[in-house]
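The values are calculated or read from the model by the stated rules, or taken from the named source; none is laboratory data. Note that the coordinates shown come from a computational prediction; the quantities given were computed from them, not determined experimentally. As a convention, Cβ positions derive from the backbone with ideal geometry for all residues, glycine included, and neighbour counts pool all protein chains shown.
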Amino acid sequence: MTPRPPTSYWIVFAIVLALLAAAPLVLPPFWQRFATEILIWGLLAMSSDILIGYTGMVSFGHSAFFGLGMYGAAAALVTVKPPSLWLAVLYGLAGAGLVAVFVAYFATRLRDIYFAISTLVFSQIFYVIIFTWTEVTGGENGLTFSQPPLTLFGLHGARFTPVTFHWFVLAVVTLSYLAVRRVTQSPFGMVLQSIRENEPRTRAIGYHVERYKMVAVMLSGLFAGLAGTLYAIQNKFAAPDFVFFVVSGEVVIFNVMGGMGTLVGPFAGAAFFLLLREGLSRFLTEYYLIPLGIIFTLMVMFVPQGLLGFARRALNR
Amino acid sequence: MTGDAPILRTAQLTVRFGGLTALNQVSLAVPPGEIRGIIGPNGAGKSTLFNCLTGVLKPASGRIVFRGEDITGLPPYAISRKAIARSYQITNILPGATVLENVRIAAQSRHHNWSLLRHYRAYTDVLDRARAVLADVGLAGKEDELAANLSHGEQRNLEIGIALATEPKLLCLDEPTAGMSVAETHGTVELVRRIARNLTILIVEHDMEVVMGLAHVITVLNYGEVLAEGTPAVIQANPRVQEVYLKT
């Protein structure tokens, strides 16, 4: 007897999914790509929500997982001919997973702000390594490669078009969302939320808190790496800018704007932030950050639970 | 009760905070099924003793033996697995979770806690255990309320419920009636008496009526040392205890 969320949840889910699937059919090319990018950044932000929203650990190091996902995919696409989509995904996940194990092992010994700072420091270490190890990573120029074709069940499919790539990303993101949602509602996920609510008490009732945090960081890192892999495949490059901590900061902002602890909130936050930045930068060029900062500050003051925070209980049922 | 091997034994337990000796050579032996009262003035080492027994503090020297096993220095989660639970003097619950979830997560710690792919509510054995505990502590009708919204007295009982849900053999209650009304205190005393049928209990309590009524044996701590030990009647008649603690 597995309980089911209310039908209304699935109705909204189906509508949103249909809209996202239909979007590239009606949007002009620029906005097609933009919609796909929102999904990818949303996936990255959702991966970080596992830590921020569910476990109560703020990570400022998600750029490292994302970036290693990118460079992992790049490694597969640069070295293996013909380029393979699934090998790129596998390498991307392996790259991010490796970093995640490293960060999980060391950073989870620290709490609160010390955890946040240590994730930031780790991500900057990886940034410096990637930036300076030019022979392997291409240094500041990064790596470029060609896009692999879509292959399913051993069948050699067609090259991606922007529309089919959007659907591919949508499928990966939807499956990831459903998987992470299930994990957050599993006994394991409930322990993470107990840690968020009261860490010492969670220890006192018999949970080895550090182990749970380690697994949470690794899970989070894997999904962040998946997002990086998708981004690399979309843009046919891997660049050190995406390992830089500014990306990690944006990920936290997506969570705060959209609603932490909801999984879908980070997608809404990413969409809101990226659309706002796109719109503002057209009129204000490099000064767009000023109104963006003001809007963010006002949101933190007046909508502290984020755009979808009001639906938090319904979304976690 | 006499003649049983003690379920809990401490031997020369000593805890120091810098230059201060918070517990000094404390040796206790608690037989199974006993309700042991721990009393003493503020700063006598009662909470330090609990923190030691539950792994929050590591003793400088001495040993803790529980059910024949040396558990000295084990971390809190491991102590909990050995079936020692505690409730806190200052309410220590999951405020943002429902009342049911507070005890469910505690009950879950004995089963299935590494499952990632099934819904937590699919584990009906854990839910049943949690609901039974809520009924025990008188919170059966409050399942879906947020723990933060309970009254103080209800939160105190939830606190005991969380501890009970971990299926302990030894329960350490740190001032379970602190801040309660007379009626609530009465309810909690009844609750402790009820659960004591299958448990060994250590209870720190400032309300003398409560502790004298509940405890089979009382240990008096003063400046981190055992000042006296005996039945409530013996303790009440002890002139030294009266001098340091009971004279009001």
When every residue in segment B:68-81 that is in contact with a Pro (Cβ under 9 Å, 6 or more places away or on another chain) and surrounded by 15 or more Cβ atoms within 10 Å (Cβ to Cβ) is compared, the one farthest from the other protein chains (Cβ to nearest Cβ) is B:72
Please go through segment B:90-124 and pick out each residue that is basic (Lys, Arg) and within 27 Å of residue B:47 (Cα to Cα).
B:104, B:110
One residue is enough: does segment B:128-143 have a residue meeting the conditions facing another protein chain (nearest Cβ under 10 Å), of a type outside the set (Val, Ile, Thr) and within 30 Å of residue B:211 (Cα to Cα)?
no
Where the second residue is surrounded by fewer than 17 Cβ atoms within 10 Å (Cβ to Cβ) and not basic (Lys, Arg) and the first is assigned to a loop (DSSP other than H, G, I, E, B) and lies in segment B:89-101, which pairs have Cβ atoms under 7 Å and are six or more apart or on separate chains?
B:95/B:148; B:96/B:146; B:96/B:148
Output the number of residues of segment B:199-248 satisfying the condition of being outside any strand (DSSP E or B), under 23 Å from residue B:179 (Cβ atoms) and β-branched (Val, Ile, Thr).
3
Test: residue in segment B:149-162 that is facing chain A (nearest Cβ under 8 Å) and buried (at least 20 other Cβ atoms within 10 Å of the Cβ)
yes
Among A:187, A:240, which is the only one that is buried (at least 20 other Cβ atoms within 10 Å of the Cβ), without any contact (Cβ under 8 Å) to a residue 24 or more places away in the chain and of a type outside the set (A, V, I, L, M)?
A:187
Any chance you could count how many residues in segment A:243-275 are under 21 Å from residue A:30 (Cα atoms) and surrounded by 24 or more Cβ atoms within 10 Å (Cβ to Cβ)?
3
Note down all Cβ pairs under 6 Å where the first residue falls in segment A:1-20 and is within 14 Å of chain B (Cβ to nearest Cβ), the second is surrounded by 10 or more Cβ atoms within 10 Å (Cβ to Cβ) and at pLDDT below 85, and they're at least six residues apart or on different chains.
A:5/A:317
How many residues are farther than 19 Å from residue B:109 by Cα and in contact with a helix residue (DSSP H, G or I) (Cβ under 6 Å, 6 or more places away or on another chain) if we restrict to segment B:72-95?
1
Any residue in segment B:112-127 that's more than 7 Å from chain A (Cβ to nearest Cβ): show its pairings with residues that are aromatic (Phe, Trp, Tyr) at Cβ separation under 9 Å, as long as the two are six or more apart or on different chains.
B:126/B:120; B:127/B:120
Do we find a residue being within 14 Å of chain B (Cβ to nearest Cβ) and more than 30 Å from residue A:23 (Cα to Cα) anywhere in segment A:95-113?
yes
